[in-house]
Amino acid sequence: MHSARQFPFQKKALSAAILLSVLASSSQALEIATAPQSINTLSAAPMETLVVTSTREARNKSELAESVGIIDENTLNFVGPAHPAEVLNRVAGVHINNLGGEGHMSSIRQPISTAGVYLFLEDGIPTRPTGFFNHNGLYEVNIAQGSKLEVTKGPGSALYGSDAIGGVINSITKPAPKQREADINLEVGQPGWRRALVSAGTGINEQHAIRADLNITDSSGYRDDSDYSRSSTNIRLDSQLNDQLSAKTVLAYSKVDQSGVSSLEQDDFENDPTKNRFKDDVGFRKVDALRLSSEFNYHVNDEQLLTITPFYRDNSMTMMPSWMVSYDPNLRDYQFQSYGALIKFRQNFSGGKGLIIAGLDTDYTPSSYREQDISMITGGDFNTGYNTYNSTGTEHYNFDAQQTSASPYLHTEWQLAERWRLQVGARYDYFQVKYQDNLNEQTADNKHLRPEAQTLSFNELSPKAGLVYQYRDAHNAYLSYRHAFRAPTVGKLFRPGSSLNSEQLQPVSSDSIELGLRGQWLENIVASNSTIQYELALYDMTTRDDIVSHISSGDRISSNAGKTRHRGLEASIAGKLSPSLSYNLAWTVTKQQYEDYSYVFGQFIPGTGYVSETRNYSGFDVGKAPKTLGHFSLTYRPHQLPGLRVETEVEQVGRYFTDETNTAQYPGHRLYNLRANYALSPQIEIYMRVMNLTDERYSTYTSNQVGGSDIDYRPGLPRSAYLGIRLAF
C-alpha cells in the first residue's frame, strides 16, 4: 500500500504569495481608463473565453487558477492539421514532435519523452485508463474534425487524477446541428498525402439531433517504407429529453496502420534523410480504438446540476517495438476493455459567490498482454537495416491484468472579497491491479523476468489550491499549488525485462506552484481599435519518486528514487497591427534539472566485455528538454478580397542536451510555414499550405544512449505542399 506523503510546498507558496501581494499593491501601474464592474463570478464581459476542461462545465477562463491554451474551431479548420503538432504547437509551452504518420512524443513542462505524464481526453473523458498510457495516444482522437482543443498546462484540477502532471489535452467534439448540413473536404499533398474529411448532421425531431464525422487518411510517408493510414468515425447524438434533462452520446472509433520508422546516424541524417533502416513490417503498429459514452445532465434547479457519464472503451494494438529491434526484438499484442462512469454533482451558492463540486470516477479495465520472440533478418549489417523477421515460437510474456479504480474528489470555490476568489480541492485515487501470469515456466534467460501472480494496490491523495485576483476589469492574476501523480503502468509493473522488483514500484508524485497574469487591453492603443490579449505563467514543479534503474550486486533494479525540478516562463500575446493584419506570439523559456537521478551506464571494454555501472547525474540538465520554445504567426485578411486569409508562421525549438551526461547537444531548429484559404462562395473554399518553406534539415527527436557517442536523429518533414477544397451543402 502506498504510504501518505508530506507536501513540501510551504516555502514555495510563501514566496509566491509575496509576489502576488506585490502585484496587488502595484496594480495602479497597470490602470486603464475603464470603470470597475461587479465581479461576483470574476468575469468582466470582455474576457468571456469559455473553458470546459477544468470543471467539466463551461467556465470563464478568468475564473480559473490555471494556464489553459485554447485552439478554437476556426483555427482548427484553417490549420487543417495533418499531425497534432501542427496545431498544438501554437500554444505557449507546448511542443508535440512528429515521429512519422501521427506518431509523437509530448513536451509540456517536461522533456520530450514517452513518459506517462499527460492526460489525453475527449469531451472530458480519458481516452485510456490509468496504467495504459500511450505516448502516441493523440492518434486515437479525430482532432482534425473536432470543435475545440483545450490544453491545461501543468497538473489538472481535482477532477483529474493520474498522469495529469505535465498537462491535460482535451479534444471536444462538434455538437449535432438542428438543421440539415453536410460538407466534404478533399486534400492531396506531399509526400503521397491524401485525405477526405466528410461530415453530416441533422435534427431528428424536437428532442434529438445527430452528427457524423469521417476521416480517411493515407500517406506514403517522406521516408522509405514509411506508409501510414487511418480511418476515424465520430457519431454524436444530442438530446434534450425534457426541461431538466439533456444527454450527449458519443461513439468514437479510430483504426491506425503505421509502418515503422528508424532513427538515423549523423551521416545518413545529413546526406540521406529519406533512408529508413526498417523495411516491410519491421517496427509496425496496428491500432483499433473504440469509445462509447453518454453524458446525462440533470438540472435539479438553477443552483444544482447532477452529471452522470457512463463510458466503455475497447482497444487493441499489435506492434513491433521499433526501439528494441536491435537488442530484444519482439511482437506485442495488447488488448483492454473499460467499463466506467464519471459522476459529478455541482452546487452553486449566493449567485455564483460559492461553488462546490463533489464527484466520483470509477473504472474497471480487464486487459491482456502477449509478447512473442522474433529474429530479425538484416540487409547485410545494422546500418543497412532490417528487411523482415521470423517468429521463433517462443513466448516471453503472456498475462492478464484487471485494474479497478475508484476516485472521489471535492472541488470548492469561494468569493473571499469583491476581487478575490479562493479554490480548494482534493482527490483521492485508489487502484487495485490483479495480475495473472499465463505461462507455466520461467524463461531461462534473465532478459525476460516474470513476476508471480499477485494483487497490488496503490492510493494517492492529491490536494489542490488556487487564488484568483481580478485587479482590473479585464485583467486578473492567479496563484496555485497542485499535487499530482502518475501510477506505474501495467507494462512497467509486469513486463520488467531484466529489472528486479518492478512489482514494488509506487506512484511518481509531483508538486507544482504557478503564478499567472492574463487579460486584455480594450483602449484604442493601436490604429485597429481592437483588443490585445496577453498571458504570462511562471511555474516551479518538483517531481519525486520517479522510476530509475540502478545496478546492485550485478542485478538491474527498478525503484522510486529519482527527483527532478522543472521551472519555466510561458508568455503569449495576440492582437492586431491593423484592421487586416493580426498576430499571435507564444514564447517559453525553461530550466529543467536532475535533483537526484541514477542511470545505468553501459560500455564495452576490450578483453572484458559489456560492463554496466550506476551513475548519478544530480545537478545536470534534464536530457531532451528544450531551453526555449517559440511560435509566431502573422495573418493577413485584405478588405479587397474578404474571402482570403493568408498566414505566415514561424516555429522554433531551442537547443537541448541529447542525453543525461550533458556531453552532446542538439542545436535546435526554426521552421517557416505558409497557409492560405480563399472562399469562392459560402459553399466552396479552396486552400493550400506549405510546410517547412525553406526546406530546413532538422530532427524532431535527437538522442543518444547514456554514455554512448553515437547520436540518433529523426529527420523532420522536408518542404511539403498541400492543396484542398471544402464543399458545403
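Identify all residues within the stretch 708-729 that are surrounded by 20 or more Cβ atoms within 10 Å (Cβ to Cβ) and touching a Ser or Thr at 6+ places or on another chain (Cβ under 7 Å); write none if there are none.
I711, Y713, R714, P715, G716
This table checks each residue for (1) of a type in the set (F, W, Y); (2) surrounded by fewer than 24 Cβ atoms within 10 Å (Cβ to Cβ); (3) under 26 Å from Q665 (Cβ atoms).
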{"residue": "I70", "(1), (2), (3)": "no, yes, no"}
{"residue": "N74", "(1), (2), (3)": "no, yes, no"}
{"residue": "F78", "(1), (2), (3)": "yes, yes, no"}
{"residue": "A82", "(1), (2), (3)": "no, yes, no"}
{"residue": "N97", "(1), (2), (3)": "no, yes, yes"}
{"residue": "E102", "(1), (2), (3)": "no, no, no"}
{"residue": "I108", "(1), (2), (3)": "no, no, yes"}
{"residue": "S113", "(1), (2), (3)": "no, yes, yes"}
{"residue": "G116", "(1), (2), (3)": "no, no, no"}
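State which residue is surrounded by the most Cβ atoms within 10 Å (Cβ to Cβ) when the search covers only the stretch 486-514 and only residues that are touching a His at 6+ places or on another chain (Cβ under 9 Å) and either aromatic (F, W, Y) or part of a strand (DSSP E or B) (or both).
S510
Let's see how each residue does on (1) under 30 Å from G351 (Cα atoms); (2) touching an Asp or Glu at 6+ places or on another chain (Cβ under 7 Å); (3) in contact (Cβ under 8 Å) with a residue 40 or more places away in the chain:
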{"position": "T249", "(1), (2), (3)": "no, no, yes"}
{"position": "S254", "(1), (2), (3)": "no, yes, yes"}
{"position": "D272", "(1), (2), (3)": "no, no, no"}
{"position": "N297", "(1), (2), (3)": "yes, no, yes"}
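Filter the stretch 201-247 for residues that are touching a residue at least 60 places away in the same chain (Cβ under 8 Å) and on the phi > 0 side of the Ramachandran plot and give the result.
G221
Return yes when V141 is in contact with a Gly (Cβ under 6 Å, 6 or more places away or on another chain) and among the β-branched types (V, I, T) and no when it is not.
The answer is no for V141.
I'd like the residue in the stretch 338-396 that is aliphatic (A, V, I, L, M) and within 30 Å of H299 (Cβ to Cβ) and, out of all such residues, is modelled with the lowest pLDDT.
Taking the candidates together, the pick is L355.
Residues of the stretch 271-326 being of a type in the set (A, V, I, L, M) and touching a Leu at 6+ places or on another chain (Cβ under 7 Å), which ones?
Passing the criteria: L292, V300, M320.
Run down A209, A196, A247 and say which single residue is of a type outside the set (S, T, N, Q), surrounded by fewer than 17 Cβ atoms within 10 Å (Cβ to Cβ) and outside any loop (DSSP other than H, G, I, E, B).
From the options A209, A196, A247, the qualifying one is A196.
Considering only residues that are closer than 13 Å to R56 by Cβ and either modelled with pLDDT under 95 or of a type in the set (S, T, Y) (or both), which ones fall in the stretch 295-316?
Across the stretch 295-316, the qualifying residues are T307, T309.
L422: surrounded by fewer than 15 Cβ atoms within 10 Å (Cβ to Cβ), of a type in the set (A, V, I, L, M, F, W, C) and farther than 20 Å from F345 by Cβ, yes or no?
The answer is no for L422.
Look at the stretch 590-629 and say how many of its residues are in a strand (DSSP E or B), among the β-branched types (V, I, T), crowded, with 17+ Cβ neighbours inside 10 Å and at pLDDT 80 or above.
Counting residues in the stretch 590-629 that are in a strand (DSSP E or B), among the β-branched types (V, I, T), crowded, with 17+ Cβ neighbours inside 10 Å and at pLDDT 80 or above gives 1.
Is one or more of the residues making up the stretch 144-155 assigned to a helix (DSSP H, G or I), of a type in the set (S, T, N, Q) and free of Cβ contacts under 8 Å to residues at least 24 places away in the same chain?
No, the conditions are met nowhere in the stretch 144-155.
Among the hydroxyl-bearing types (S, T, Y) and modelled with pLDDT under 95: which single residue out of S199, S171, S162, S147 fits that description?
Result: S162 is the single residue among S199, S171, S162, S147 that is among the hydroxyl-bearing types (S, T, Y) and modelled with pLDDT under 95.
The values are calculated or read from the model by the stated rules, or taken from the named source; none is laboratory data. Quantities reported herein were computed from a predicted structural model and do not represent experimental measurements. In this analysis, Cβ positions are derived from the backbone assuming ideal geometry, glycine residues included, and neighbour counts consider all displayed protein chains.
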